[in-house]
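The values are calculated or read from the model by the stated rules, or taken from the named source; none is laboratory data. What you are looking at is a predicted structure, and each value in this text was computed from that prediction instead of being measured. Cβ sites come from the backbone with ideal geometry, for glycine too, and all protein chains shown count toward neighbours. Please note that ligands, DNA and RNA were not included when accessible areas were found on the heavy atoms of the full protein model with its side chains. Shrake-Rupley method; radii C 1.70, N 1.55, O 1.52, S 1.80 Å.
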Amino acid sequence: MPLSRIRRSSVIAALAALAALAATVPAQAHPSRGAALPAVAPRAETAALYDDEEGGAADADDPAIWRNAADPGRSLVVVTAKEGGLRVYDLDARQVQSLPAPAGPAPGDAPGRFNNVDLVHGIRLTTGRADLAVTTDRGNDRLRFHRIDRDRPGGPLTDVTDRAARPVFSADQEEVNGQRTAYGLATWTDRATGRTYALVSRRETTTIALLEILPTGSGTVGYRKIRTLDLPASFRLPGGATWSPCAEPGQLPQVEGMVVDPADGTLYAGQEDIGIWRLRADLTGTPQLIDKVREYGTPGTYDEQTEECVPGPDAGFGGRRLSADVEGLTLVTQPGGDGYLLASSQGDNTFAAYDRETGDDNEYEGGFRITASGALDGSEECDGAAALNAPLGNKYPRGLLVVQDGHETPVSADRTATNFKFVDLGKVLDALED
């Protein structure tokens, strides 16, 4: 979401010890903001979604790519549209299904709001093995599960959520209505045990929860909470000063973009106004901050009238590649452990690529932009992204990258439009490797 919407927070003393770890990441000089990055054009885009009554309060947010192993050219892209629910598209970016978000349990309660989506492959249900689309329902503070059946009459997604599923973070409906609820999402199957998990962040806090995904005896899917971890909200700067990003009082620097490397169970989490953390997906051990946003360490003042933060002078402690917010983390996996971690640098409409290998300390490998071509515009203020490095028929023989576009054009004076861009992943890899 745009930087102006993010409420920042005050210091949490209990996190000071963990926060001190951030000081081990050296400050980096800022490069020229005009430095050129390679441009990649989209091949297709979905129809615009409109976040108003006429558009069903649909607001594009996060995508996931499901590969049809039997016929890769008939693969699907599942996306969240917040109060607009879920949308499913084919590889031509044509809509094949729309599912509404569920209502709140009673009049006046917060409505369903689908925020992030990820996939689980081959989970064993009582009806047989299945692939699932897993979604954070921010409005109801729950996970939702939809079975994927490509050729099912009526659409490929079927809701199989256990009706007894409890809120992820909230103690009661009043707390759910406060909307400090399930937000970011990444799924993960532990290769050692075969158990499947979801990592879920909590809106307006630094908390991440580990949930085990559990099929029920009735063919539905639920979950149980294993543990939680709180990332820092305040940071010790060189010279000994303590800094927290500017925020509305009481709100902390939240996490949204997350992805787990399936090879080794490494979780990458984007703390929007801080940077990218690397930690174990089981939420044990010590998180490491592998890169920081440019705004890291810069003081700011919250303006109650505009509900925005007014930044002070650049303190020079931030990174060089990411402009807050850091969003849309996804992996490009390649043989032998090679590949990239991609991150949306929302503040300057770019994408940063890091070496997937932790042995190389996730070294920065380059960046790119997704820009206009012909009738297709590029991607701005990207919230979510998904990459799949596998052949997807004739249209995407080298894989696919799907990114959210926070400013779909043409822009109407009275309507906010968003959508998703489909990008040839091969072109992205060519741009990074040139």
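Observations, loosely collected:
Listed here are the residues, each with its yes/no results for (1) within 26 Å of Ala36 (Cα to Cα); (2) touching a residue at least 40 places away in the same chain (Cβ under 8 Å); (3) surrounded by 19 or more Cβ atoms within 10 Å (Cβ to Cβ).
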{"site": "Ser244", "(1), (2), (3)": "no, yes, yes"}
{"site": "Thr266", "(1), (2), (3)": "no, yes, yes"}
{"site": "Ile276", "(1), (2), (3)": "yes, yes, yes"}
{"site": "Lys292", "(1), (2), (3)": "yes, yes, yes"}
{"site": "Gln305", "(1), (2), (3)": "no, no, no"}
{"site": "Pro311", "(1), (2), (3)": "yes, yes, no"}
{"site": "Arg320", "(1), (2), (3)": "yes, yes, no"}
{"site": "Asp325", "(1), (2), (3)": "yes, yes, yes"}
{"site": "Pro335", "(1), (2), (3)": "no, no, no"}
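- Extreme residue, farthest from Tyr50 (Cα to Cα), among residues of region 372-427 that are charged (D, E, K, R) and open to solvent by less than 10 Å² (accessible area, probe 1.4 Å): Lys421
- When region 273-287 is limited to residues that are of a type outside the set (Val, Ile, Thr) and assigned to a loop (DSSP other than H, G, I, E, B), the one that is nearest to Thr330 (Cα to Cα) turns out to be Ala281.
- Taking the numbered list (1) more than 25 Å from Ala263 (Cα to Cα); (2) of a type outside the set (A, V, I, L, M, F, W, C); (3) free of Cβ contacts under 8 Å to residues at least 60 places away in the same chain in turn, Asn419 passes all entries but (3).
- The set of residues in region 397-434 that are in a helix (DSSP H, G or I) and either among the aliphatic types (A, V, I, L, M) or modelled with pLDDT under 95 (or both) comprises Leu425, Val428, Leu429, Ala431, Leu432, Glu433.
- When residues in region 190-211 are screened for being open to solvent by 60 Å² or more (accessible area, probe 1.4 Å) and among the polar types (S, T, N, Q), 1 of them pass.
- Whichever residue in region 233-262 is closer than 30 Å to Val120 by Cβ and of a type outside the set (A, V, I, L, M) and, among such residues, is farthest from the chain's Cα centre (by Cα): Pro262
- Of all residues making up region 134-159, the number that are in contact with a His (Cβ under 7 Å, 6 or more places away or on another chain) and open to solvent by 20 Å² or more (accessible area, probe 1.4 Å): 2
Here is a yes/no grid of residues against (1) surrounded by fewer than 24 Cβ atoms within 10 Å (Cβ to Cβ); (2) closer than 25 Å to Asp264 by Cα; (3) charged (D, E, K, R); (4) over 18 Å from the mean Cα position of the chain (by Cα):
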site: Thr350; (1), (2), (3), (4): yes, no, no, no
site: Thr358; (1), (2), (3), (4): yes, yes, no, yes
site: Glu365; (1), (2), (3), (4): yes, yes, yes, yes
site: Phe368; (1), (2), (3), (4): yes, no, no, yes
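- Yes/no for Thr181 being open to solvent by 20 Å² or more (accessible area, probe 1.4 Å), touching a residue at least 24 places away in the same chain (Cβ under 8 Å) and under 19 Å from the mean Cα position of the chain (by Cα): no
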